[in-house]
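Engineer: Following this message is one structure expressed as structure tokens.
The values are calculated or read from the model by the stated rules, or taken from the named source; none is laboratory data. The shown structure was predicted, so the numbers you read here are calculated from the model rather than taken from an experiment. Positions of Cβ are backbone-derived with ideal geometry, glycine not excepted, and every protein chain shown enters the neighbour counts. Side chains included, ligands, DNA and RNA excluded: accessible areas come from the protein's heavy atoms. Shrake-Rupley method; radii C 1.70, N 1.55, O 1.52, S 1.80 Å.
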Amino acid sequence: MTSSARPAGNQMNASAHTSRLGKRLMRRIFKLASLLVALLVVAAIAYGGKGYWDALSDAPQLRQRADDLIAQGLGGDSLGADHLAMLLKVEDPNFVDHAGVDFSTPGAGATTITQSASKRLAFEKFQPGVGKIRQTGYAMGLESRLSKDQILALWLDTLEMGEGPEGWVTGFHKASSAIYGRPPAELNSTEFARLVAVLISPATFKLRDNDPALDERVRRIERLAAGACVPKGHGDVWLEGCRQPSDS
């Protein structure tokens with residue numbers, strides 16, 4: 001009896017020792033993981049903060065640039081009230097009220113107008129992923145120093161609009177002139193909706209040619225503008241909630 005009990009006791013002691021070592025190891029791993037997460041959070045805050053302070057530094061120059069655009073009739077008001085309402089309803093439905101970011105409004109998606117403008121104003125070449133952190137900080141900085149009209153003017157002036165008759169077009173008003181030969185305020189509802197529709201994928205949609213995919217997006221935008229539908233949720237930037245039953 002005695003000789004057989006000793007090995008069992010040794011096995012129990014070894015098992016308990018192994019268990020203690022395993023617990024120590026897990027605690028160390030947990031501490032290291034917690035430290036790593038904390039460092040990443042601090043780094044993200046610092047990078048976002050850099051974007052914010054960069055925007056404050058750039059603000060005087062950007063305000064002047066925006067005011068010049070508005071004075072030239074290239075701001076949001078120059079689109080006409082109905083056209084501007086359509087544009088905001090599609091691109092950033094809570095633009096007037098948010099502080100640069102929007103995490104809940106149906107159809108808003110991951111990028112507000114202010115963030116979109118920041119992507120082109122603050123970066124020579126924007127890289128998705130970690131770049132989103134600085135982009136968001138920059139957007140919040142813009143919101144603290146520029147008016148909504150100024151931000152909108154800068155956004156309109158820097159928008160990528162796709163291929164025009166003479167090559168790639170940057171700027172909403174320039175695209176209107178290049179494609180239709182008229183300023184946005186003089187376009188009919190469908191013509192204006194086509195300019196709005198192309199914004200989500202300017203490299204794919206074809207403003208100058210027959211493009212069934214672009215035509216479908218225009219139909220969804222027109223239904224949204226008329227109040228005939230609503231986006232399915234915050235991320236419904238393609239307006240699946242405005243798909244007609246016959247298109248399903």
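Engineer: Pairs K148/K174; K125/K148; K174/K206; K50/K132: which are spaced more than 18 Å apart, C-alpha to C-alpha?
Structural biologist: Working: K148/K174 21 Å; K125/K148 25 Å; K174/K206 16 Å; K50/K132 12 Å.
K148/K174; K125/K148, as the Cα separations exceed 18 Å there.
Engineer: Take A226 and F103, extend 7 Å from each Cα along the Cα→Cβ direction, and tell me the distance between the two endpoints in nm.
Structural biologist: Taking the simple label geometry, A226 and F103 are separated by 3.7 nm.
Engineer: Using a/c under 1.5 as the rounded threshold, could you call region 41-145 rounded, prolate or oblate? The axes a ≥ b ≥ c are square roots of the C-alpha gyration tensor eigenvalues, and prolate needs a/b larger than b/c, oblate otherwise. The partial results should precede the final answer.
Structural biologist: Numbers: a/c = 2.25, a/b = 1.33, b/c = 1.69.
Taking the square roots of the gyration eigenvalues as a ≥ b ≥ c, region 41-145 is oblate.
Engineer: With r as the distance between the Cβ atoms of K148 and M26 and R0 = 51 Å, compute the FRET efficiency 1/(1 + (r/R0)^6) and round to 0.05. Show your work: numbers first, answer last.
Structural biologist: Numbers: r = 51 Å, r/R0 = 1.01.
Efficiency, rounded to the nearest 0.05: 0.50.
Engineer: Would you mind computing, in nm to one decimal, how far apart the modelled labels at E240 and K50 are, each placed 7 Å from Cα along Cα→Cβ?
Structural biologist: Between E240 and K50, the label points sit 3.6 nm apart.
Engineer: Which far-off residues, 5 or more places away or on another chain, put their amide H under 5 Å from the one on G162, with H placed in the peptide plane?
Structural biologist: Here the answer is V169, since their amide H atoms fall under 5 Å of that of G162.
Engineer: Going by a ≥ b ≥ c, the root eigenvalues of the Cα gyration tensor, does region 45-93 fall in the rounded group (a/c under 1.5), the prolate group (a/b larger than b/c) or the oblate group?
Structural biologist: Oblate shape, in that a/c is at least 1.5 and b/c is the bigger or equal ratio.
Engineer: Let me ask another. Between V96 and A110, what is the spin-label point distance in nm, taking each point 7 Å from the Cα along the Cα→C-beta axis?
Structural biologist: Label at V96, label at A110, 2.9 nm between them.
Engineer: Rounded, prolate or oblate: pick one for region 160-248, where a ≥ b ≥ c are the square roots of the eigenvalues of its C-alpha gyration tensor, a/c under 1.5 means rounded, and failing that, prolate if a/b is larger than b/c, else oblate. Write out the running numbers ahead of the final one.
Structural biologist: Working: a/c = 2.09, a/b = 1.76, b/c = 1.19.
In terms of gyration-tensor shape, prolate.
Engineer: Keeping all protein chains in place, calculate the accessible area per residue for region 167-232 (probe 1.4 angstrom), answer in Å².
Structural biologist: Details: 3050 Å² over 66 residues.
Heavy-atom accessible area per residue stands at 46 Å².
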